[in-house]
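Visitor: Pasting a structure here, questions to come.
The values are calculated or read from the model by the stated rules, or taken from the named source; none is laboratory data. Computed from a predicted model, the values in this text were never measured in an experiment. Don't worry about glycine lacking a Cβ; one is built from the backbone with ideal geometry, like all the others, and counts go over all protein chains shown. These area figures cover heavy atoms from the full protein model, side chains too; ligands, DNA and RNA do not enter into them. Shrake-Rupley method; radii C 1.70, N 1.55, O 1.52, S 1.80 Å.
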Protein chains: 2
Amino acid sequence: MQDTASNPLPEDWLDAIKWDDQGLVPAIAQDAASGDILMMAWMNREALALTAREQRAIYWSRSRGKLWRKGESSGHVQQVSEIRLDCDADVIVLKVDQLGGIACHTGRRSCFYRRLEDGQWVSVEPVLKDPDAIYGDSGGTSS
Amino acid sequence: MQDTASNPLPEDWLDAIKWDDQGLVPAIAQDAASGDILMMAWMNREALALTAREQRAIYWSRSRGKLWRKGESSGHVQQVSEIRLDCDADVIVLKVDQLGGIACHTGRRSCFYRRLEDGQWVSVEPVLKDPDAIYGDSGGTSS
């Protein structure tokens, strides 16, 4: 909040957004090079303003109730090259360069790693890095 | 509802979904060939079950409060080749073949046709077909 108070963010383009009743919009992160959809998370006004200013993805964590600077723990920062808005002004797409090549907290490239096959969800993408190694839950060593 | 009542849908894979407090999940439609993100809409349990069964995108229209068989007015049906689920089980991706090459009710290929440039939303995709011609608001002629 200090940040926004000391340096007000431009308002017009943010006013165009139709925030939901919790003040949020869904934001879809898409790999700018491959087109793969990496994840979907949520943004409030401050998160989107900071994302645009810093050109890195900053979401609103609904579970933690605070800003989530993607990559703050994992190093898997998303550098934003483009921000898009849909026709209803209630969904955002970010085109990103995914540092480390891993967007998902499970250590996979994309969060959408399960595919419906014959009435079952099947994991179809490999774990590229052990989550314990990513987040250092065991002192930085993988389990 | 007649449909589901007469022929019960398999439940297990639907039970895996974390529906929100309105019984919905966001569903992102992605062009299976180009990787372009076409739109995001919402699905309830019945919409997702029918989407899987019919292999065409069927959403839940929050504004109309009923199932929305994408393309029912426009002919712009989305044929579904793949259904993905994310790590938190609360977002769906559909890989689709977009009939007519137009997903957006504005007559554009994608709903995400506005790009943020220097603090303004700029339309960067052409209207491929006049909406009046798509939806026949003026008897099928374009305005």
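Visitor: If you go through the stretch A:68-102 one residue at a time, how many are under 13 Å from the mean Cα position of the chain (by Cα), within 13 Å of chain B (Cβ to nearest Cβ) and of a type in the set (S, T, N, Q)?
Guide: Selection size over the stretch A:68-102: 0.
Visitor: Sticking with this one: Working carefully through the options B:Cys87, B:Cys111, find the one that is part of a loop (DSSP other than H, G, I, E, B) and in contact with a strand residue (DSSP E or B) (Cβ under 7 Å, 6 or more places away or on another chain).
Guide: Just one listed residue meets the conditions, B:Cys111.
Visitor: Quick one: would you say B:Leu48 is facing chain A (nearest Cβ under 10 Å) and either assigned to a strand (DSSP E or B) or buried (at least 21 other Cβ atoms within 10 Å of the Cβ) (or both)?
Guide: Considered against the rule, which asks whether it is facing chain A (nearest Cβ under 10 Å) and either assigned to a strand (DSSP E or B) or buried (at least 21 other Cβ atoms within 10 Å of the Cβ) (or both), B:Leu48 comes out as yes.
Visitor: Here is a follow-up. Among the residues of the stretch A:55-85, write down those that are under 15 Å from B:Glu117 (Cα atoms) and either open to solvent by 70 Å² or more (accessible area, probe 1.4 Å) or in contact with a Pro (Cβ under 7 Å, 6 or more places away or on another chain) (or both).
Guide: A:Gln55, A:Ser81
Visitor: Which one is nearest to A:Asp31 (Cα to Cα) among residues in the stretch A:86-113 that are in contact with a helix residue (DSSP H, G or I) (Cβ under 9 Å, 6 or more places away or on another chain) and open to solvent by 30 Å² or more (accessible area, probe 1.4 Å)?
Guide: Restricting to residues being in contact with a helix residue (DSSP H, G or I) (Cβ under 9 Å, 6 or more places away or on another chain) and open to solvent by 30 Å² or more (accessible area, probe 1.4 Å), the top hit is A:Arg109.
Visitor: Which residue out of A:Leu48, A:Leu116 is within 30 Å of B:Asp12 (Cα to Cα) and in contact with a helix residue (DSSP H, G or I) (Cβ under 8 Å, 6 or more places away or on another chain)?
Guide: Within the list A:Leu48, A:Leu116, the selection yields A:Leu116.
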